[in-house]
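Let me begin by presenting the structure, written as C-alpha cells, before commenting on it.
The values are calculated or read from the model by the stated rules, or taken from the named source; none is laboratory data. Keep in mind it's a predicted model, so treat the numbers as computed, not measured. Neighbour counts are summed over all protein chains in view; Cβ atoms, including those assigned to glycine, are modelled from backbone coordinates with ideal geometry.
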Amino acid sequence: MKSKVILIDENHGRAALLQQALLDAGYEVVAVIHDGDNLLAQLEQTPADIIIIDLESPDRDTLEYLTSIHQNHPKPVVMFAENDDSDMISAAIKAGVSAYIVDGFNTARVKPILEVAIARFREYHAMRCELDAVKNKLAERKLVERAKGILMSHRGMDEATAYHSLRKMAMDKNLRLAEVAEQVISISELLL
Amino acid sequence: MKDNHINRRNFLKMGSGIILGASAMGLSSFRSVAYAAGNTGLEKVKLSLGIIPLTDCAPIVVAKEKGFFSKYGLDVAISKEASWANIRDKVSIGALDGAHMLAGMPIAATLGVGALPKPTVTAFSMDLNGNAITVSNDLYERMMKADPEAMKSSSTSAQALKKVIDQEKAAGKEPMTFAMVFPVSTHNYQLRYWMGAAGINPDQDVRLIVIPPPQMVANLRANNIMGYCVGEPWNERAVEMGIGRVIATSYEIWNNNPEKVFAVTQEWAEKNPHTHQAVIMGLLDAAQWMDKPENRMEVVKIISAASYVNAPEDVVKMSMTGTFQYTKAEKPKDLPDFNVFYRYAATFPWQSHAAWFITQMLRWGQITKPLDIKKTAQSVYRPDIYREAAKALGLPAPTIDYKTEGTHKAPWSLTEATSPIAMGSDMFSDNMVYDPAKLVKYLAAFKVHNMQVSIADLEKMNG
C-alpha cells in the first residue's frame, strides 16, 4: 500500500516541487494545504500516514496538540518522539521542514519520505538563492551604471574614466564596487 | 532653483572627499562590533535569540533595542519564530542560542513531553501574568442567562459555563470548542484550571484545540471557536473589534502567576556560563527599566514594530499601561499587575513554579510515568545562575527556591532574600493552597483531572 502524505506549505512553488518528487518516488499525496484556515477540519476529512509541514508555518503548534491528545483520538504523532535519529531531525530543521506521523505508522517508512522532503526543500532554497544572487547582480550592475552616469555628467568624465575611478576607490577603501556606487548615488541624492 | 543647482554642482566637485568620509562612517559601524568581540570572559558574543510575537517578548527586545545586551558585550540578533514548536526545536538543535519560552516548555523539553528529550534550563523568568480568557459575545450572553450570579466574578464565571455546557449536553449538541496556544502552555493550564474549578472536564465536556495566537480573533469571529486563552494583544484585539469579551485574566485565576521564561539547553549553559550570565544581566536591566510605569509607552512603541509584535500601538498599549478593558461597552479598568516584569521577584526562577507546572502536566495526563518532581524542577529551573547575575548587579535575590502560593491576599515582604523584596498577592481563584512541600497531596486534591500516573506511584518517588 502506498503511504499517504499531506503537504502543508504556503509556498505554492515549493509544494509543487515536493509533490512531484513524492509522486515520482511512489507516494500518494492526498492533500496539499496552502492555507491553515480550518486545518483541523481539513485533516479530519483526509486521512493520511504522514504530514510534511513547512517549518515556518504557524500551524505546527496546531499539529503539536493533536499529538498530545492521541490517547482519545488516533491523530498525528510528532516524529521527534518516535525517531531517535537526531542527525536527521537536525537536517530537517535546517532545511526548514518538519514532519508528523499518524500513530501506528511505521517509523522506518518515515525516513525515506522525509529525505525526499529535505532534498526538495534544499533544492528549492538553492534555487531561490541563485535567483536572488542573479537579481542582486543585476541590481548591482544598475547601481554602477547610475554612479558612472553621475560622474560622467557632473565631473565631465568619459565612461572608462568614470568606471576606473569607481574601481580605484573601491580598491582603496576595500569596498565592493556596488558599495562605492551606492555611496556616490546617495551622496549625489543628498546634494543635487 | 538655478542657484541651488550650482550649489549642488559645487558640492559634487568635492566628490571624492565626501565619499571618503562616507566610507569611513561605514567602517566605524563595523568596528563597534569588533570592540564588543574583544570583551574578555564571554565564550560567545554573537547570539541569536528566538521570540514569538507577543507583548511579553518585550524583555528580550528591550534588552537589545535599549542597549542592555551590548552593555555587557553581547551582539544579539532576534529571530521572530512562527511557532512554539520551532522555538523548542531550534533551541534543541542549537540553531538558536536561547529563546522566549512558555514557562512549562523547558520542563517538557527536558522530560520529552511531545518531543525528543533535550535537557533545557532556565535561569530567568520573563514575566508574571499577561494572559486572559475571551469568549464570544454570544456565549457570554448565554452564560449571563444561565447564571447571572456566578458571572459577577471572574473566578466563578466558569460555573455559568458549566450550566451552558449541561444545557447543551441535554439538548444533544456537540461539545463547544475552545482554543489555546500550545500543549504545554501556561494558557492550556490556566484555561483547564479555570474550567476544572467549576467541575468542567476539559478533556470531555469541551473540545480544546491549539490555534496560533494571531489567528485566534479570526477564528472567534468565524464561530470556529467559542472562546480562547491567549496572551496579549490578542484578547484586547477581540475587545476592540467588539467580537468578544474577556471573562477572566490569568491574574484573576492565579495572582502573579509565572508566564514566560528565557531558556537555553543545559549543554549551552555549561559551555557558555559567562555569556549566559551576561544575557541574564542584560535581561535584568531591561526588566527593571520596563517595570517603571513612565517607560511603558516606550516599550509599547518598541515592541509594536513590524519586526516584533507587529500590532497597532493602541492595541498593544491597552494591557501594557496599567489598565485592562474587558468589553467594548465598558471603560478600561485599573489592573496595574496585568504585566509584571520585575517587581515581586518576577524574574526569579522559582523551583516551586517549575514543580507546579509538573503537577499540572501530571494532572492532565501529559506526563505518563511517575517521576521525582522536585529533582526534575531542580534540574530545569536554575536559581543558582540567576543569583550570580543578580549579585554582579547588586540586586536583591531570594535565598530560598520554593515558596507557597495561595496564602497572601495582600502585598507582603519576602524576608528570605539578600534584602527584603516586596511581593504581590498569590491567591488562586478557587482559594486552593499550593504547598511545594506536599506536592502529591496537592495533586491528589484536584477533583477534575486526567491523570495517567497513580498517586501511590508518585508518593513512592516523592516521599
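Pairing each residue of the stretch B:65-83 that is under 13 Å from residue B:48 (Cα atoms) and within 11 Å of another protein chain (Cβ to nearest Cβ) with any residue that is surrounded by fewer than 20 Cβ atoms within 10 Å (Cβ to Cβ) and modelled with pLDDT under 95, provided the two are 6+ apart or on different chains, yields C-beta distances under 7 Å for B:80/B:307.
Pick from A:160, A:147: which is buried (at least 17 other Cβ atoms within 10 Å of the Cβ) and more than 8 Å from every other protein chain (Cβ to nearest Cβ)?
Details: A:160 fails: buried (at least 17 other Cβ atoms within 10 Å of the Cβ).
Selected residue: A:147, the only one of A:160, A:147 that is buried (at least 17 other Cβ atoms within 10 Å of the Cβ) and more than 8 Å from every other protein chain (Cβ to nearest Cβ).
For beta carbons closer than 8 Å, sequence separation of 6+ or different chains, a first residue in the stretch B:104-122 that is within 12 Å of chain A (Cβ to nearest Cβ) and surrounded by fewer than 24 Cβ atoms within 10 Å (Cβ to Cβ) and a second that is part of a loop (DSSP other than H, G, I, E, B) and among the basic types (Lys, Arg), the qualifying pairs are B:112/B:118. Here residue B:122 clears all of (1) in contact with a Lys or Arg (Cβ under 6 Å, 6 or more places away or on another chain); (2) more than 23 Å from residue B:215 (Cβ to Cβ) except the condition numbered (1). For residue B:149, the test of being more than 27 Å from the chain's Cα centre (by Cα) and more than 14 Å from chain A (Cβ to nearest Cβ) is passed. Just to be sure I understand, how many residues within the stretch B:352-401 are of a type in the set (Lys, Arg) and surrounded by 21 or more Cβ atoms within 10 Å (Cβ to Cβ)? Residues flagged as of a type in the set (Lys, Arg) and surrounded by 21 or more Cβ atoms within 10 Å (Cβ to Cβ) within the stretch B:352-401 amount to 2.
The set of residues from the stretch B:231-262 being in contact with a strand residue (DSSP E or B) (Cβ under 6 Å, 6 or more places away or on another chain) and within 14 Å of chain A (Cβ to nearest Cβ) comprises just one member, B:231.
If you go through the stretch B:177-187 and keep only what is in contact (Cβ under 8 Å) with a residue 60 or more places away in the chain and either under 12 Å from residue B:361 (Cβ atoms) or of a type in the set (Ser, Thr, Tyr) (or both), you end up with B:183, B:184, B:185, B:186.
Take the conditions within 14 Å of chain A (Cβ to nearest Cβ), in contact with a Leu (Cβ under 8 Å, 6 or more places away or on another chain) and touching a residue at least 60 places away in the same chain (Cβ under 8 Å) and apply them to residue B:373. Does it pass? Criteria not met by residue B:373. Quick one: count up the residues across the stretch B:195-230 that are more than 19 Å from residue B:137 (Cα to Cα), within 14 Å of chain A (Cβ to nearest Cβ) and either β-branched (Val, Ile, Thr) or in contact with a His (Cβ under 8 Å, 6 or more places away or on another chain) (or both). Looking only at that region, the number is 3. Residues in the stretch A:18-62 that are among the small types (Gly, Ala, Ser) and touching a strand residue (DSSP E or B) at 6+ places or on another chain (Cβ under 8 Å): A:31, A:36, A:48, A:57.
Considering the stretch B:388-405 alone, what residues qualify as being assigned to a loop (DSSP other than H, G, I, E, B) and either free of Cβ contacts under 8 Å to residues at least 40 places away in the same chain or touching a Cys at 6+ places or on another chain (Cβ under 6 Å) (or both)?
First, pick out the residues of the stretch B:388-405 that are assigned to a loop (DSSP other than H, G, I, E, B): B:393-397, B:399-404.
Listed by number, the residues that qualify are B:394, B:396, B:399, B:400.
Yes or no, residue by residue, for (1) away from chain A (no Cβ under 14 Å); (2) touching a His at 6+ places or on another chain (Cβ under 9 Å):
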position	(1), (2)
B:87	no, yes
B:92	no, no
B:96	no, no
B:132	yes, no
B:137	yes, no
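Given the criterion buried (at least 22 other Cβ atoms within 10 Å of the Cβ) and farther than 16 Å from residue B:346 by Cβ, identify the matching residue among B:279, B:299. Break it down stepwise before answering.
Working: B:299 fails: farther than 16 Å from residue B:346 by Cβ.
B:279 is the lone residue from the list that is buried (at least 22 other Cβ atoms within 10 Å of the Cβ) and farther than 16 Å from residue B:346 by Cβ.
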